[in-house]
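Worksheet: one structure, shown below.
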Amino acid sequence: MKNSQITQREKTIAHRYASGETYKEIASALFISHATVRNHMANVYRKLGVKNKPELLFALNCQQAELYMKVRNWPNSHQFISGWPVTV
């Protein structure tokens, strides 16, 4: 299920977790239960196809980069060399 999009709520929770907050801290800040945070994170891990926190960080960063490139229309006007955009 790697192609499944994570919801905005899952994204919010995943970013908070990736930035170092515990499930308990996230639950308290968002007025939800610890179990709800755990369930959201299980969905995020499944949808992104990751197994641990370092893989989660990488996946979230890749999603951010992909979104940025779409907003900037880079695939249409730039060529990528060694991972960096170069104007054609």
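No value in this document is a laboratory result; all are computed from the given coordinates. Predicted model, so just to flag it, every value in this text is computed and none were measured. Don't worry about glycine lacking a Cβ; one is built from the backbone with ideal geometry, like all the others, and counts go over all protein chains shown.
Between Lys51 and Gln8, the modelled label-to-label distance comes to 3.4 nm, taking each label 7 Å out from Cα in the direction of the beta carbon. Among Leu48, Leu30, the order by Cβ neighbours within 10 angstrom, fewest to most, reads Leu30, Leu48.
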